[in-house]
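Below: the structure, in structure tokens.
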Amino acid sequence: MNLDEQLAYLTKGAEETIRIEELRSKLERSARTGKPLRVKAGFDPTAPDIHLGHTVLIRKLKHFQDLGHTVIFLIGDFTGMIGDPSGRTATRPPMTPEEVAANAETYKAQVFKILDPEKTVVNFNSRWLDKLSSRDWIALASKYTVARMLERDDFAKRMKEHQPLAMHELIYPLAMGYDSVALEADVELGGTDQKFNLLVGRTLQQEYRQEPQVIMTMPLLEGLDGKQKMSKSLGNYVGITEPPEIMFGKLMSISDELMWRYYLLLTDMTPGQIEEVKHSKLPLEAKKEFAQRIVSDFHGGEEAKWARGHFESSARQRQQKGALEEDEILHVSERRVLHNAFNRKLPPLLVELGFFTSNSEAQRKIKEGAVYMAVPDTGNKRWQRLDDPAWKFDAATYKGRKVIFRFGHRLVEAELTG
């Protein structure tokens, strides 16, 4: 790739790059001197499993790795014991060293499904932060003002609302910023919620007479519902260690619009390649190819091929039978009240429930036979295929009923009201 192509590839999907001209200059110097850039992203091991939302940053590290740069997967075993205050409305409970260490081991195993283990530097920030003396911490704290720290939105909000703000939470951005000093980072990646912390790193590098790092923020990936951030607690996630057929089925449940965002953030395809798929494939085929690509990343090509075949075979069986036999309701990701549900056609109801982003998409999926419902409080636990976009719920039969809608692996329970 020439320099412009490299910049387009590296900034693909990024929310913001501070500053793009500095990144260009660093890339030019790297090409001239043959010295690769040092690119870091930090992960506090606060949970044992990684889902696709976490891989947005890991994937961006891979893009730098593809171009020959040194990527540093930084495990925040020290900062993890403080707890990242970003976006928090209350102080995060501290984790024990044992919890952090156990989670860190699982992170190391999981990230190498994307990164090349032979070309990745894995580091732990306890290696330098544990060694700072009291005098060192005072010197570090002197390089950033309280006024600037309280400019941070979540800190300012908690102060305004008279919510507790512990002193150790003020230390977190300094500790994270010092990581960039210790590693002499050229580029640091983070989610949009990490922008303040990343900027602290830039400032501290200048205070320590280093060239400031380029900051690249990546968007927080929406979950399967297309609305809220992907989260295990919300049930809208795809775990990278989930079985191939589960991953494939979950990915087939996303909306067509969300699919293209996933293509952008979760694959190594260039913007041009994605546009080519968008114009040459029908949405259903594009989604199958995407799901197969993602499953292949984490389980291998043969498993991905099998998962696709399993999905297509199951879909054919559903279409032939018109319902799934005695499929118990095991998991419902959301519960809603569906107001004014009667005498309205299905597509707008499914849009309101968050399955689809437009009536036309909902109508297409209904005609494909991909949407089902069950009414378990009637004693009937069979799935009924909804294949007529003009079909309507009638109040006499369904008023006050709880109907479970299904699209792919996503289930939403809705209580119908007039």
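Entry remark, segment 298-335: residues being among the charged types (D, E, K, R) and at pLDDT 90 or above number 4 in total. Listed by first and then second residue, the pairs with beta-carbon distance under 9 Å, at least 6 apart or on different chains, first residue in segment 1-27 and within 26 Å of G53 (Cβ to Cβ) and open to solvent by 20 Å² or more (accessible area, probe 1.4 Å), second polar (S, T, N, Q) and assigned to a helix (DSSP H, G or I), are E15/T192; E16/T192. Selection of segment 214-242 for residues being open to solvent by 30 Å² or more (accessible area, probe 1.4 Å), assigned to a loop (DSSP other than H, G, I, E, B), in contact (Cβ under 8 Å) with a residue 40 or more places away in the chain and on the phi < 0 side of the Ramachandran plot yields L220, K227, K232, L234, Y237, T241. Residues that are closer than 23 Å to L10 by Cβ, open to solvent by 10 Å² or more (accessible area, probe 1.4 Å) and either hydrophobic (A, V, I, L, M, F, W, C) or within 15 Å of the chain's Cα centre (by Cα) (or both) within segment 244-273 comprise W260, R261, L264, M269, listed in sequence order. Of all the residues in segment 37-55, those that are modelled with pLDDT of 95 or more and either surrounded by fewer than 17 Cβ atoms within 10 Å (Cβ to Cβ) or in a helix (DSSP H, G or I) (or both) number 0.
If the condition is being more than 14 Å from the chain's Cα centre (by Cα) and not in a strand (DSSP E or B), then segment 182-193 contributes A182, L183, E184, A185, D186.
Among the residues making up segment 132-174, those that are part of a loop (DSSP other than H, G, I, E, B), surrounded by fewer than 16 Cβ atoms within 10 Å (Cβ to Cβ) and within 32 Å of the chain's Cα centre (by Cα) are L150, E151, E161, H162, Q163, P164, A166. Note on segment 183-204: residues that are in contact with a Phe, Trp or Tyr (Cβ under 8 Å, 6 or more places away or on another chain) and in contact (Cβ under 8 Å) with a residue 60 or more places away in the chain total 4.
Selection of segment 274-321 for residues being among the hydrophobic types (A, V, I, L, M, F, W, C) and either open to solvent by 60 Å² or more (accessible area, probe 1.4 Å) or touching a residue at least 60 places away in the same chain (Cβ under 8 Å) (or both) yields L282, L284, I294, F298, A304, W306, A307, F311.
The combined condition, being β-branched (V, I, T), open to solvent by less than 60 Å² (accessible area, probe 1.4 Å), at pLDDT below 85 and not in a helix (DSSP H, G or I), is not fulfilled by T106. Would you say E207 is in contact (Cβ under 8 Å) with a residue 40 or more places away in the chain and either of a type outside the set (A, V, I, L, M) or open to solvent by 20 Å² or more (accessible area, probe 1.4 Å) (or both)? It is true that E207 is in contact (Cβ under 8 Å) with a residue 40 or more places away in the chain and either of a type outside the set (A, V, I, L, M) or open to solvent by 20 Å² or more (accessible area, probe 1.4 Å) (or both). Of note, I246 does not satisfy the criterion of being modelled with pLDDT under 90 and among the β-branched types (V, I, T).
The values are calculated or read from the model by the stated rules, or taken from the named source; none is laboratory data. Computed from a predicted structure; not experimentally measured. As a convention, Cβ positions derive from the backbone with ideal geometry for all residues, glycine included, and neighbour counts pool all protein chains shown. Accessible surface is based on the protein model in full, side chains and every heavy atom, while ligands, DNA and RNA are left aside. Shrake-Rupley method; radii C 1.70, N 1.55, O 1.52, S 1.80 Å.
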